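Asks: Could you have a look at this structure, given as structure tokens, before my questions?
The values are calculated or read from the model by the stated rules, or taken from the named source; none is laboratory data. Keep in mind the model is a prediction, meaning the values are calculated, not measured. Cβ placement follows ideal geometry from the backbone for every residue including glycine, while neighbour counts extend to all protein chains displayed.
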Amino acid sequence: MTGLLPVAEALSRLLHSGSPKTGSELVSLHDAGGRVLASDLSAKLTQPPFDNSAMDGYAVRGDDLESGLPLRVTGEAAAGLAAPQSLGSGEAIRIFTGAPVPDGADTVLIQENAVVNPDGTITATSLPVKGRNIRPKGQDFRQDQVLLRQGQILDAGHLTLAAAMNYPRVSVYRKPIVGILATGNELLSPGSQLGPGQIIGSNTYGVAEIAREAGANVVDLGICPDRTNAIMASVGNAQAQNVDILVTLGGASVGDHDLVQSSLRQLGMTLDFWRIAMRPGKPLMVGKLDGMHVLGLPGNPASSLVCSYLFLEPLIRRVGSLPGINRLQQAVAGIDLPANDGRQDYIRSWLTSDSSGRGIATPFLPQDSSMMRIFAHADCLLVRAPFETALAQGDSCTIFRIKHSFSI
């Protein structure tokens, strides 16, 4: 369509304008999950720090076991205590999992394979391989060994390893800060008593959750009336709070009451583009103001959420040094669909599964962009390319997943 930017080109231009943040902060391991490591981590200790028993049993000399003679139990070794005296010939020491192996022992006889004789000696009923059931010092890693690299996204395994390396805190890149500014004289906060011509401003909450799930910290800049001076003041508030990505909701078009774009331009915003060949979400504005990304989303709820998944989430992950998420996959259409026009369509749909495990995407009807209920129950967006020919029920189609699971 003339004057409208294709979705793929718009996303490419948006991401090209973004660069990862370089600032870092120290956070506790409890707060580091999903964060991006800002520097390499080398082990502060050797793990395990000493030879220790992998099983409950008896620390022995392998040669003594092979002799078949009873062994005298001369002591006990438990986890958390220093190793007892050295082991002499013909002796055994009762040992528990994790306890230091005493000097002189080279094997642990597990307790299931040991018989305690009336005189307190033990005899093996099955001989272990010499060296069995002992975890040697440094088996996992050695002090000063680099085990986690800068840029690593910290998951459960990485956090466990960092703790074992003796790090209570780690340096991670700062999360991008996303400021969300809703605009419109008609908008009131949830819980308000509506007057004539007024509606509840709901978009902020869904957009904020998408931003948080993408890895951002969110600043709610409130609801701003359609007045240039008020919009400028709210943008100044965003800059004062070091917002990396300013998201405006509504007012980004060029109607008489759409003042967001003109206000931002007066403040010095460089506009990249603002009209996309997509449905819903055509009037999407992208620009930059003094290094702050500006993403102007349409005011209709479905439009703002679709655009948040398609553009805001990838931008946050780019700025936050996180890899992109591929939400596209193949399914089959649940109903017949007519040929598409020149805009890329994102149709809210629910997913079921056929007997072979294929996903079946069935659109909700109707698809008005102001309808929030169907978005809440949608599992995916069925994607129709510009000028795509008609789809028959059962034909292969592309879907954009917005939920990780669905009911069958």
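Asks: Considering each residue of the range 43-76, count those that are more than 17 Å from G120 (Cα to Cα) and not hydroxyl-bearing (S, T, Y), and give that number. Spell out how you get there, then give the answer.
Replies: Within the range 43-76, the subset more than 17 Å from G120 (Cα to Cα) is 43-56, 61-63, 66-67.
In the following step, the residues that additionally are not hydroxyl-bearing (S, T, Y) were identified as 43-45, 47-52, 54-56, 61-63, 66.
Counting residues in the range 43-76 that are more than 17 Å from G120 (Cα to Cα) and not hydroxyl-bearing (S, T, Y) gives 16.
Asks: Still on this structure, please answer the following. Of the numbered conditions (1) in contact (Cβ under 8 Å) with a residue 40 or more places away in the chain; (2) surrounded by 13 or more Cβ atoms within 10 Å (Cβ to Cβ); (3) not in a helix (DSSP H, G or I), A92 satisfies every one except a single condition; which is it?
Replies: If we test A92 against (1) in contact (Cβ under 8 Å) with a residue 40 or more places away in the chain; (2) surrounded by 13 or more Cβ atoms within 10 Å (Cβ to Cβ); (3) not in a helix (DSSP H, G or I), just (1) comes out false.
Asks: Name, by its number, the condition in (1) under 23 Å from P283 (Cα atoms); (2) in contact (Cβ under 8 Å) with a residue 60 or more places away in the chain that does not hold for D220.
Replies: (2)
Asks: Can you tell me which residue among T107, T121, T74, T97 is crowded, with 20+ Cβ neighbours inside 10 Å, farther than 30 Å from Q152 by Cβ and among the polar types (S, T, N, Q)? Write out each step before concluding.
Replies: Details: T121 fails: crowded, with 20+ Cβ neighbours inside 10 Å; T74 fails: crowded, with 20+ Cβ neighbours inside 10 Å; T97 fails: crowded, with 20+ Cβ neighbours inside 10 Å.
On inspection, the qualifying residue turns out to be T107.
Asks: Moving to a separate point now. Which ranges mark the strands (runs of 3 or more DSSP E) fully within the range 332-408 that have 1 or more residues being surrounded by fewer than 17 Cβ atoms within 10 Å (Cβ to Cβ)? Give the steps one after another, and end with the answer.
Replies: Working: elements: 344-353, 359-363, 380-384, 396-401.
The strands (runs of 3 or more DSSP E) meeting that bar are 344-353, 396-401.
Asks: Going by what's in this entry, would P323 be described as part of a loop (DSSP other than H, G, I, E, B), touching a strand residue (DSSP E or B) at 6+ places or on another chain (Cβ under 8 Å), under 29 Å from V294 (Cα atoms) and at pLDDT 95 or above? Outline the logic, then answer.
Replies: Details: part of a loop (DSSP other than H, G, I, E, B): yes; touching a strand residue (DSSP E or B) at 6+ places or on another chain (Cβ under 8 Å): yes; under 29 Å from V294 (Cα atoms): yes; at pLDDT 95 or above: no.
The answer is no for P323.
Asks: Of the numbered conditions (1) over 23 Å from S19 (Cα atoms); (2) touching a His at 6+ places or on another chain (Cβ under 9 Å), Q152 satisfies every one except a single condition; which is it?
Replies: Status for Q152: all satisfied but (1).
Asks: Follow-up question, since we're still on this one. Residue by residue through the range 280-320, note down the ones that are in a strand (DSSP E or B), touching a residue at least 24 places away in the same chain (Cβ under 8 Å) and crowded, with 20+ Cβ neighbours inside 10 Å.
Replies: Keep residues of the range 280-320 that are in a strand (DSSP E or B), which gives 285-289, 292-297.
Checking the rest, the ones that are also touching a residue at least 24 places away in the same chain (Cβ under 8 Å) come to 285-286, 288-289, 292-297.
Of everything in the range 280-320, those that are in a strand (DSSP E or B), touching a residue at least 24 places away in the same chain (Cβ under 8 Å) and crowded, with 20+ Cβ neighbours inside 10 Å turn out to be M285, V286, H293, V294, L295, G296, L297.
Asks: Which number in (1) touching a residue at least 40 places away in the same chain (Cβ under 8 Å); (2) more than 24 Å from P314 (Cα to Cα) marks the one condition that E186 misses?
Replies: With respect to (1) touching a residue at least 40 places away in the same chain (Cβ under 8 Å); (2) more than 24 Å from P314 (Cα to Cα), E186 is out only on (1).
Asks: Among what's in the range 357-404 and is free of Cβ contacts under 8 Å to residues at least 12 places away in the same chain and under 30 Å from the mean Cα position of the chain (by Cα), pick the residue that is nearest to I200 (Cα to Cα).
Replies: Within the range 357-404, the match that is nearest to I200 (Cα to Cα) is R373.
Asks: Would you pick out the residues in the range 194-224 that are of a type outside the set (A, V, I, L, M, F, W, C), outside any strand (DSSP E or B) and farther than 20 Å from S370 by Cα? Full working, then the answer.
Replies: Filtering the range 194-224 for residues of a type outside the set (A, V, I, L, M, F, W, C) gives 195-198, 201-206, 209, 212-213, 215, 217, 220, 222.
If we keep only those that are outside any strand (DSSP E or B) as well, we get 195-198, 201-206, 209, 212-213, 215.
Within the range 194-224, R212, E213, G215 meet the criteria.
Asks: Condition check: loosely packed, with under 14 Cβ neighbours inside 10 Å and over 26 Å from V383 (Cα atoms). Does Q266 satisfy that? Working first, answer last.
Replies: Details: loosely packed, with under 14 Cβ neighbours inside 10 Å: yes; over 26 Å from V383 (Cα atoms): yes.
Yes, satisfied.
Asks: May I pose another question? Could you list all residues from the range 157-207 that are surrounded by 20 or more Cβ atoms within 10 Å (Cβ to Cβ), among the small types (G, A, S), under 21 Å from the mean Cα position of the chain (by Cα) and not assigned by TED's automatic domain parsing to the domain that holds D144?
Replies: Passing the criteria: only G179.
Asks: Still on this structure: If you take the residues of the range 125-146 that are charged (D, E, K, R) and on the phi < 0 side of the Ramachandran plot, which of them is farthest from the chain's Cα centre (by Cα)?
Replies: Just the residues of the range 125-146 that are charged (D, E, K, R), to begin with: 130, 132, 135, 137, 140, 142, 144.
Next, from what is left, pick out any that are on the phi < 0 side of the Ramachandran plot: 130, 132, 135, 137, 140, 142.
On the way: K130: 46, R132: 41, R135: 35, K137: 35, D140: 27, R142: 30 Å.
Among those that are charged (D, E, K, R) and on the phi < 0 side of the Ramachandran plot, it is K130.
Asks: Return the total of residues in the range 12-62 being charged (D, E, K, R) and in contact with a helix residue (DSSP H, G or I) (Cβ under 7 Å, 6 or more places away or on another chain).
Replies: Keep residues of the range 12-62 that are charged (D, E, K, R), which gives 13, 21, 25, 31, 35, 40, 44, 51, 56, 61.
Remaining after also requiring in contact with a helix residue (DSSP H, G or I) (Cβ under 7 Å, 6 or more places away or on another chain): 21, 56.
Summing the residues that are charged (D, E, K, R) and in contact with a helix residue (DSSP H, G or I) (Cβ under 7 Å, 6 or more places away or on another chain) in the range 12-62 gives 2.
Asks: While we're looking at this one, here's another question. So which strands (runs of 3 or more DSSP E) stay within the range 101-167 end to end and still have 3 or more residues that are touching a Leu at 6+ places or on another chain (Cβ under 8 Å)? If you could, list the steps in order and put the result at the bottom.
Replies: Numbers: elements: 107-110, 114-116, 122-124, 146-148.
Correct list: 122-124, 146-148.
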